[in-house]
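Reviewing the structure listed below.
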């Protein structure tokens, strides 16, 4: 991914609330927490929350990807040099120019990518090949599907390579004509010693070619907008707000450039019984006063498979928790646990026999649960 101007203006680590030394796991954990907090579904009608969610997603798109994070850190490190990024000359003075300084991967690549020049990401032909745009889509999942994973199909309406001309922009039976001024590179160079400044070719306006007989379907653009289906494999254990990247499934490239990526944001519906915290599931199970006081065995549901039987210890207070190993979310990294919270159920309607039994219990009780409050 080419460095973006926004990289020098925003601190993505600050957006996610983590230091720049945070591990990949810490970055992901911070993103998931913020995504749940500011997700549009949880903040209906709140435009500020929606903007914050987009900001968080943009930050995680960069620092949550190992390769992009490396480029981002390097770009931030070089950013203040010469005032080009934070003031000084200003980006506007270099608009449309390509900087070639040093070898491959050096400052020339960074400056060229930032200000619209030719860097490695766009190939040796300068401004010719252009990478397609990244697309966003949202997928609604049930709680169970998110835990188990599934393969599904997304219905999108987006730009795709024109089916008539196969993306060339030329009428079938004809071909684009190479620009003789720039040799198809789309730029002309002006060598100034150490710096080589490149400008878009005046003859072809940076396209590198001419289409004399435009395609009747796309009018020479090489792309058309129409519905399409994208098959998506959702891995087991995907969480609410998590983004999945489908490489090469975004917008089509131009002039032979690579297609963009498709980012799918998963929205997971809540379950009527189970909640989730990472790979752990949690469920609340009511127990009677007799079971809590005397102890006993209760059956506890699991998300899949048979119920499990847990032993309630005598004197169990409301809110006590037990852990059932391996009954949580199963992913390629392992299985989480099922956390069971016992809630002591207080009856609201008593029969005569029940009332009498409780009154007798009150008479023979010798301890007070509020004794610790006395001076």
- request: Using label points projected 7 Å from each Cα along Cα→Cβ, tell me how many nm separate residue 289 and residue 370, to one decimal.
  value: 1.6 nm
- prompt: Most exposed first by the Cβ proxy, i.e. fewest other Cβ within 10 Å, how do 271, 349 rank?
  reply: 349, 271
message: Antiparallel versus total DSSP beta bridges in region 275-364: what percent is that, nearest 5?
response: 70 percent
query: Please state the relative contact order of region 275-364 as a whole percent: Cα pairs under 8 Å, 6+ residues apart?
result: 32 percent
- request: Could you order peptides 183-189, 366-372 by the average number of other Cβ atoms within 10 Å of their residues, highest first?
  value: 183-189, 366-372
statement: Going fewest to most other Cβ atoms within 10 Å around each Cβ, 229, 74 line up as 229, 74
- prompt: Alpha carbon centre of region 309-375 versus region 137-178: separation in Å?
  reply: 54 Å
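Give the order of 234, 244 when sorted by the count of other beta carbons within 10 angstrom, beginning with the fewest.
On the way: 234 19, 244 16.
By the 10 Å Cβ count, ascending: 244, 234.
Every number in this text was worked out from the coordinates using simple rules, so none of it is lab data. This one's a predicted model, so the numbers in the text were calculated from it and none came from an experiment. With ideal geometry, Cβ positions are generated from the backbone for all residues, glycine too; neighbour counts draw on all protein chains shown.
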